[in-house]
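Okay, structure first, notes after.
The values are calculated or read from the model by the stated rules, or taken from the named source; none is laboratory data. All figures in this text were calculated on a predicted structure; none of them were measured in a lab. With ideal geometry, Cβ positions are generated from the backbone for all residues, glycine too; neighbour counts draw on all protein chains shown. Heads up: the accessible areas ignore ligands, DNA and RNA and are worked out on the full protein's heavy atoms, side chains in. Shrake-Rupley method; radii C 1.70, N 1.55, O 1.52, S 1.80 Å.
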Amino acid sequence: MSGLQPVRGTHDLLPEDMRRHRHVMETARRAALCFGYQEVATPIFEFTEVFKRTLGDTSDVVTKEMYTFTDKGGETVTLRPENTAGVARALISEGLTQHLPLKYFYAGPMFRYERPQKGRLRQFHQTGIELLGVKEPGGDIEVIATGVEFLRRLGAWDRCELELNTLGDTASRQAYRKVLVEYLNSFRDRLSKDSQERLEKNPMRVLDSKDEGDQKIVANAPLSSEYLTDEARDFFAAVREGLDLLGISYTINQRLVRGLDYYCHTCFEITCADLGAQKTVLGGGRYDGLVSLMGGPETPGVGWASGVERCAMVLQQELPAPRPIAIVPMGAAAERRALQIADELRRQDFLVDLGFTGNMGKRMKRANKVSAIAAVILGDDELARGEAAVKLLDSGEQKNVPLGDLAATLAPCR
RNA sequence: GCGGGUGUAGCUCAAUUGGUUAGAGCGCCGGAUUGUGAUUCCGGAGGUUGCGGAUUCAAGUUCCGUCACUCGCCCCA
């Protein structure tokens, strides 16, 4: 092996992987399109402030995971760790708040400086949707339904589980947070070291600690559902009713939280058990505070993001390469003619493989190797008669056809 | 950032307690086969044993460091 390695946590997508990758993105895009979402692309890097301000100073993403550097103009820029901040920024800088509601889909690379493991990379890809300007619970329902439809189309939904929770509105959150911190503080010394830190920075996080001792304490902790305002309670009930109407099953997980302050009301995660520790395949929620936090007008938003690599791992189905038609010329004259024939067929959208070297045996071998569906054999005899021999490689059946009928004959091989 | 496991050919794996020139299968290239993709037969290329250091007469094998992968923690898609 050579000393040349890809940067840690990055990987190459060779054709087989790339087909799965593309299939995942296309499936997501198509599902989103069916719900009225249009594809957008924001830059893969932004001024560092865009992420710092939106993700908060205590989140892991900001404190240890950002790829940040100074460009030649002295600007501090960051490779995007997620796409919601970029979309929100675009909403403001493009003046799009005049055109609400907006429904956007995106797909592309994200970057987080983390320790890689299964399902976690430093450069990875996400698809996602953002619904902006809709404050009604119908927005949450539609966003979740879009994610479910995406996974359904992937053939993964029946192995997935949707977990749902509500964080409530600001009033609910503040009330609950106060009670929770009081409760946890009374057990402070018995909490794990990690959780003692969480208690300072992000008390809600203590709720989903994996430490056994923490879990015992958390088991008796006050529940967020008991501190919801009437509005927040009604909102969540409406979301659940919508999911019920759609026949989307879910489990309520009161310990499911989001780390960032601007999240409110609905949050959800879809996990797939056959993935290991990094099993969240799609996650999202409502972020009504984000746009205003960035300096724009009060604008509600809901959305989700889904990991393309994780989805690709969950994909069971084989995605075979498309099968071309191989042109097999014999001799210099045939080779010149083959160049033109290949060109004509390609203009008609046939997939055509024309080799560069080799005698007939070599070329037939290559045709077999690229799993060609048919070979078009051009020898002096055939050309003299204005014909080509067309051999179907699955059956071995072969017949001569006039060159003028080639496209028609090959039509079933398209 | 923390902890465990693993690194031998393109791939899957061998290589007695440290002992000569690190092997095999598959794959690849060429030939048997300048008008046919299977199979078969023959030949060939391909390795700084991840990298660096230490111990030793001698290291793929032992030790240390490092890099990468992997499983988990943290966190997340």
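Worth pointing out:
- Residue in the stretch A:274-289 that is open to solvent by less than 10 Å² (accessible area, probe 1.4 Å) and away from RNA strand B (no atom under 13 Å from the Cβ) present: yes
- In the stretch A:27-46, the residues that are farther than 16 Å from A:L282 by Cα form Cβ pairs under 6 Å with partners that are at pLDDT below 95 and among the aliphatic types (A, V, I, L, M), at six or more places apart or across chains, as follows: A:F45/A:V77; A:F45/A:L79.
- Test: residue in the stretch A:343-359 that is within 15 Å of RNA strand B (Cβ to nearest atom) and of a type in the set (S, T, N, Q): yes
- Looking only at the stretch A:185-213, and only at residues there that are within 20 Å of A:N253 (Cα to Cα) and without any contact (Cβ under 8 Å) to a residue 12 or more places away in the chain, the one that is farthest from RNA strand B (Cβ to nearest atom): A:E212
- Taken over the stretch A:374-387, residues that are assigned to a helix (DSSP H, G or I) and open to solvent by less than 70 Å² (accessible area, probe 1.4 Å) amount to 2.
- Among the residues of the stretch A:352-373, the ones that are more than 20 Å from A:G331 (Cα to Cα) and open to solvent by less than 80 Å² (accessible area, probe 1.4 Å) come to 4 in all.
- Unique residue being farther than 15 Å from A:L164 by Cβ, acidic (D, E) and open to solvent by less than 30 Å² (accessible area, probe 1.4 Å) when the list is A:D230, A:D214, A:D261: A:D214
- Inside the stretch A:288-312, residues that are farther than 30 Å from A:H11 by Cβ and touching a residue at least 24 places away in the same chain (Cβ under 8 Å) make up a count of 13.
- The set of residues in the stretch A:115-129 that are in a strand (DSSP E or B) and near RNA strand B (Cβ under 6 Å from one of its atoms) comprises A:Q117, A:R120, A:F124, A:Q126.
- When residues of the stretch A:1-36 are limited to those that are within 12 Å of RNA strand B (Cβ to nearest atom) and among the charged types (D, E, K, R), the one nearest to the chain's Cα centre (by Cα): A:D12
Yes or no, residue by residue, for (1) β-branched (V, I, T); (2) open to solvent by less than 30 Å² (accessible area, probe 1.4 Å); (3) not in a loop (DSSP other than H, G, I, E, B):
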{"position": "A:L91", "(1), (2), (3)": "no, yes, yes"}
{"position": "A:Q98", "(1), (2), (3)": "no, no, yes"}
{"position": "A:A107", "(1), (2), (3)": "no, no, yes"}
{"position": "A:M110", "(1), (2), (3)": "no, yes, yes"}
{"position": "A:L131", "(1), (2), (3)": "no, yes, yes"}
{"position": "A:I144", "(1), (2), (3)": "yes, yes, yes"}
